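Enquirer: Structure incoming, see below.
The values are calculated or read from the model by the stated rules, or taken from the named source; none is laboratory data. Every value quoted in this text rests on a predicted model; they were computed, and no experiment measured them. Ideal geometry is used to build each Cβ from the backbone, glycine not excepted, and the neighbour counts take in all protein chains shown.
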Amino acid sequence: MMMTLQRLRTDVADLRDDAFWDGPSVATPASKPVVRPVSPKTSHTGPAATPPLRSTRAKPQGNKRQMQRLETRGRARALQALYAADLRDYTQLKKISVQVWDDLAIVPEERQFASRLIATIIERSAEVDASLTAVTANWRLERLGAIERSVLRLAAAEFLRGETPPRVVLQEAIHLAERYGTERSARFVNGVLDAYARHIGAL
């Protein structure tokens, strides 16, 4: 199930596609009609009418969607680094991450989010791998494909950080597995991470 280097180059190009990253993972609500402020009307008998106050509710929603997109892209950057390290030398994950992100000129916000995930994987590598091994009954971690193994490690680290709702971590991991692997990869990742989340008490 390992991907070829040629497929990796294709994926690197896809990661620059805003239409893709703003699509399936981040739901965009139906567009709302634009409410135009009413112009003040002058009156011969009194002062100008006070225009209605503009609603500010859309702004925080927009900020939330923007943050979701940033985190989704950040996970993809972390996956790129994990996959590259898996193919080259996993013990050099930190160094390879920097090289990959420098080569792609990753924006600081995405890089910061991805860096936190990679740092957790490095700091708690033995714990992550041992817990994943415990729930992959008939599969040793080293026997998995590079994409499946990388997605599992990425999601496991995010579960351990405890900053993201578990269901979001699971959904994003399944999306990455399907996008860069296959539907079978996504089903496998779904089953393993559901068991992993319950194993560590996240679900």
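Enquirer: Filter segment 85-94 for residues that are among the aliphatic types (A, V, I, L, M) and surrounded by fewer than 23 Cβ atoms within 10 Å (Cβ to Cβ); which is farthest from PHE113 (Cα to Cα)?
Expert: Per the criteria, the residue is LEU87.
Enquirer: Is it the case that some residue within segment 191-199 is part of a helix (DSSP H, G or I) and of a type in the set (Phe, Trp, Tyr)?
Expert: Yes, segment 191-199 has at least one match.
Enquirer: Let me ask another. Of a type in the set (A, V, I, L, M, F, W, C), without any contact (Cβ under 8 Å) to a residue 24 or more places away in the chain and under 23 Å from ARG184 (Cβ atoms): which single residue out of ALA78, ALA137 fits that description?
Expert: Being of a type in the set (A, V, I, L, M, F, W, C), without any contact (Cβ under 8 Å) to a residue 24 or more places away in the chain and under 23 Å from ARG184 (Cβ atoms) holds for just one of ALA78, ALA137, which is ALA137.
Enquirer: To continue, here is another question. Being free of Cβ contacts under 8 Å to residues at least 60 places away in the same chain and part of a helix (DSSP H, G or I) is the filter; apply it to segment 159-172 and report the residue that is surrounded by the fewest Cβ atoms within 10 Å (Cβ to Cβ).
Expert: ARG167
Enquirer: Can you tell me how many residues in segment 186-201 are surrounded by fewer than 19 Cβ atoms within 10 Å (Cβ to Cβ) and closer than 15 Å to GLY162 by Cα?
Expert: The number of residues fulfilling the criteria is 4.
Enquirer: Something else now. Among the residues of segment 127-145, what is the count of those that are part of a loop (DSSP other than H, G, I, E, B) and over 12 Å from TYR196 (Cα atoms)?
Expert: 5
Enquirer: Further question on the same structure: What do you reckon, is VAL151 touching a helix residue (DSSP H, G or I) at 6+ places or on another chain (Cβ under 9 Å), closer than 25 Å to THR91 by Cα and modelled with pLDDT under 95?
Expert: So VAL151 fails the test.
Enquirer: Can you work out which of the residues in segment 133-171 that are charged (D, E, K, R) and farther than 14 Å from ALA114 by Cα is nearest to the chain's Cα centre (by Cα)?
Expert: By that ranking, first place goes to ARG167.
Enquirer: Are any residues in segment 60-84 surrounded by fewer than 18 Cβ atoms within 10 Å (Cβ to Cβ) and among the polar types (S, T, N, Q), and if so, which ones?
Expert: GLN61, ASN63, GLN66, GLN68
Enquirer: Condition test on THR136, is it modelled with pLDDT under 95 and either in contact with a Pro (Cβ under 8 Å, 6 or more places away or on another chain) or over 18 Å from GLU178 (Cβ atoms) (or both)?
Expert: yes
Enquirer: Go through segment 70-126 and give me each residue that's more than 19 Å from PHE159 (Cβ to Cβ), in a helix (DSSP H, G or I) and of a type in the set (A, V, I, L, M).
Expert: Scanning segment 70-126 gives LEU70, ALA84, ALA85, LEU87, ILE96, VAL98, VAL100, LEU104.
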